[in-house]
1. How about region 8-44: which of its residues are touching a Pro at 6+ places or on another chain (Cβ under 6 Å) and surrounded by fewer than 16 Cβ atoms within 10 Å (Cβ to Cβ)?
2. Please go through region 113-125 and give me each residue that is surrounded by 15 or more Cβ atoms within 10 Å (Cβ to Cβ) and farther than 15 Å from Leu76 by Cβ, ordered by number.
3. Only residues that are at pLDDT below 95, within 22 Å of Ala137 (Cβ to Cβ) and of a type in the set (Val, Ile, Thr): list them for region 78-109, please.
4. I'd like the full set of residues that are farther than 20 Å from Ser143 by Cα and of a type in the set (Lys, Arg), limited to region 6-64.
Amino acid sequence: MSPGCCWFVRHNLAAFRRLESRERFLLLAALALLPWAQLAVAVLPLPKLMRLAHLRSVPADYQLDGPSAASATACLSRQARVRKIFRIIERKFPFWPGRCLAQALVARFFLRRQGVTCLLILGAKHFYAQPGQAFKAHAWLKSGGVVITGDGHEQYIPVAHFL
């Protein structure tokens, strides 16, 4: 192994050890689930994927019910934990299978299991000046007004919302 590679492994192992035990579990579980979610996104048509993930379409102006005051703090910490894990994956594992829709589905899975309601949004961006690429799609996950996955969503026009 090259010296640079050894440093990379030691550095990331030290960062992994600094995570709380729940965060370590979430990170490992997300890394295990992302390839499967990416495979499902690649081979399944959207209606079948929606049924499999128990997604239901909601209107664009749909407002999520906020958590009660007693559970708001717990809800925020769950959102922050899942958001942190997916930021780590985007930064440290850019080669890992699982792009925006797969990440949104896995993050939604974790949050829903913890009782947190979230909104998966599909957006599109039109390219006028680039031949061969008419539009580009993107997916992001929001919960309580916080974007959990899907950085760069501001450049896209929301076209579908799922609960």
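The values are calculated or read from the model by the stated rules, or taken from the named source; none is laboratory data. Here the structure is a predicted model, which means the values were calculated and not measured. Note that each Cβ is placed from the backbone with ideal geometry, even for glycine, and that neighbours are counted across all protein chains shown.
1. Pro35
2. Passing the criteria: Leu119, Leu120, Ile121, Leu122, Gly123.
3. Ile89, the sole residue that qualifies.
4. Of everything in region 6-64, those that are farther than 20 Å from Ser143 by Cα and of a type in the set (Lys, Arg) turn out to be Arg10, Arg17, Arg18, Arg24, Lys48, Arg51.
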